[in-house]
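Single-structure report; data block below.
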Amino acid sequence: MSKSISEKDIREAIKDVMHPAINHSLLNLGIVKNIKVEDDKAVIIIAFPFPNISIANQLINSVKLPVEKLGVEVKMETTVMNQEEVNKFLAMEQSGWKGM
């Protein structure tokens, strides 16, 4: 691979990945919690507001696929949001709810 991929490149690739039931991107909702790039490998931490959400795999894949298209190896990790992050998520969910 000739061009190194940066965190900025990854953010650009996933900036329009929307939550299927909320009219906000996963970046804005705080679901994409952290992106780390080293040696053309990306580690992306996905934070869910609650454990065991039913669409976890759908959300993970909606982030992973566009990053893989950049030609970078992707490792996805998951965690649960802290209370402050949950509060922000719930406020955005309420304002942007479109249902499933």
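Amide H neighbours of ILE5 under 5 Å, at least 5 residues apart or on other chains, H built in the peptide plane: list them.
Distant-sequence amide H within range of ILE5: ASP40.
For the chain, what does the helix formula give at 222 nm: sum of -39500 (n - 2.57) over DSSP H segments with n ≥ 4, over the residue count, nearest 500 deg cm²/dmol?
On the way: 4 runs with 39 residues, N = 100.
Calculated from helices alone, the mean residue ellipticity at 222 nm is -11500 deg cm²/dmol.
From the residues SER6, VAL72, LEU26, which one has its Cα farthest along the dipole of the chain in the positive direction, the dipole being from +1 and -1 charges on Cβ of Lys/Arg and Asp/Glu about the Cα centre?
Checked the options; the winner is LEU26.
Tell me, what HN-Hα J-couplings in whole Hz come from the Karplus equation 6.51 cos²θ - 1.76 cosθ + 1.60 at θ = phi - 60° for each residue of the stretch 4-19, using x for Gly and Pro?
For the stretch 4-19, the Karplus-derived couplings read 6, 9, 10, 4, 4, 4, 5, 4, 5, 5, 10, 4, 9, 6, 9, 6 Hz, x marking Gly and Pro.
Quick check: the angle from helix 56-68's long axis to the longest principal axis of the chain, C-alpha only, nearest 10 degrees?
Compared with the principal axis, the helix lies near 30 degrees.
Give me the dipole magnitude in Debye, nearest 20, for the stretch 7-94 about the Cα centre, with unit charges on the beta carbon: positive for Lys and Arg, negative for Asp and Glu. If you can, show how the numbers build up before the last one.
On the way: 10 positive and 13 negative charges, 29 e Å.
I would put it at about 140 debye.
Once amide H atoms are built 1.01 Å from N in the peptide plane, which residues 5 or more positions from ILE22, or in another chain, come under 5 Å H to H?
Close amide H contacts, sequence-distant or interchain: LYS98.
What do you get for the angle between helix 83-96 and the principal long axis of the chain? Use alpha-carbon atoms, 0 to 90 degrees, nearest ten.
Computed tilt is about 80 degrees.
By a straight-distance test (C-alpha under 27 Å), which lysines pair with LYS36 as possible cross-link partners, with residues fewer than eight away in the same chain excluded?
LYS3, LYS8, LYS15, LYS64, LYS69, LYS75, LYS88
Please list, ordered by chain and number, the residues whose modelled amide H lies under 5 Å from the amide H of THR78; skip anything fewer than 5 residues away on the same chain.
Counting only residues 5 or more places away or on other chains, the set is ILE46.
For the chain, modelled as a GNM with alpha-carbon contacts under 10 angstrom, which of ALA47, ALA21, ALA56 fluctuates the most?
Largest GNM mean-square fluctuation: ALA21.
For the stretch 81-97 and the stretch 1-55, what is the separation of their Cα centres, given in Å?
17
Using a Debye calculation, one point per C-alpha and no hydration shell, please list log10 I(q)/I(0) for the chain at q = 0.10, 0.11, 0.14 Å⁻¹ in order.
-0.26, -0.32, -0.51
Taken together, the values in this text are just the output of simple stated rules run on the coordinates, not laboratory data. Fair warning: this is a prediction, and the values are worked out from it, not measured in the lab. Please note: Cβ atoms are built from the backbone with ideal geometry, for glycine as well, and neighbour counts cover all protein chains shown.
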